[in-house]
1. Going by C-beta contacts inside 10 Å, put Phe131, Phe45 in order with the fewest on the left.
2. If one puts a single equal scatterer on every Cα of segment 15-83 and applies the Debye formula without solvent, what log₁₀ I(q)/I(0) results at q = 0.16, 0.22 Å⁻¹?
3. Which trypsin sites (Lys or Arg not before Pro) in segment 26-84 sit in a loop by DSSP (not H, G, I, E or B) and have at most 10 other Cβ atoms within 10 Å of their own Cβ?
4. Between Ser39 and His89, how many nm apart are label points set 7 Å from Cα along the C-beta direction?
5. How do Leu75, Leu55 rank when sorted from fewest to most other Cβ atoms within 10 Å of their own Cβ?
6. Distance cut-off 18 Å, Cα to Cα: go down the list Lys3/Lys133; Lys3/Lys81; Lys47/Lys121; Lys23/Lys116; Lys81/Lys121; Lys12/Lys116 and report the pairs above it.
7. For His67, His89, what ranking results if the residue with the fewest other Cβ atoms within 10 Å of its Cβ goes first?
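Read-outs: derived from the displayed coordinates by stated rules, not from any lab. A quick note: this is a predicted structure, and the numbers were derived from the prediction, not measured. All Cβ positions, glycine included, derive from the backbone under ideal geometry; neighbour counts span all protein chains shown.
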Amino acid sequence: MPKLIGIDFGLKRTGLAVTDENKIIASPLTTIDSGQLMSFLTDYFSKNEVEAIVLGYPTRMDGSDSHITPNVRLLKEALEKQFPCMPVHLQDERMTSLQAMQTIHLAGNKKQKKDKQLVDKVAATIILSDFLKGA
């Protein structure tokens, strides 16, 4: 059964998460350099059955665009062009980085909450989990 992949895009790094085959649980996958995203996804999709992409959509608390929102819109277009048979869903990602840091802290890893790569892939996991919950 195909999985879903979640993306927490950043200008420097991108966090990735993936669901299990039943699409019940989201788990961290990796964090990569954002310039490598398309080649990583091409390789990943060639080896794994993926049904759809869930792309974190950043906005400010009032719903207006953040500084990175236009880049995410461009990424969505690029993903749809590169992978035309793969639906790309936008998922509200407000507060996911803060939630990721709190989750890491609660897990007893106080030093790791400053590990930006870990925060990015945990944030991608939260984005994907929220999508699964219909949030």
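1. Numbers: Phe131 22, Phe45 16.
Lowest count first: Phe45, Phe131.
2. Debye intensities relative to I(0), on a log10 scale: -0.67, -1.13.
3. Details: sites: Lys47, Arg60, Arg73, Lys76, Lys81; in loops: Arg60.
Hits after loop and neighbour filter: nothing returned.
4. Label at Ser39, label at His89, 3.0 nm between them.
5. Numbers: Leu75 20, Leu55 24.
With the sparsest Cβ surroundings first, the list reads Leu75, Leu55.
6. On the way: Lys3/Lys133 15 Å; Lys3/Lys81 20 Å; Lys47/Lys121 20 Å; Lys23/Lys116 26 Å; Lys81/Lys121 24 Å; Lys12/Lys116 11 Å.
Violating the 18 Å Cα-Cα cut-off are Lys3/Lys81; Lys47/Lys121; Lys23/Lys116; Lys81/Lys121.
7. Details: His67 9, His89 13.
Neighbour counts put them in this order, fewest first: His67, His89.
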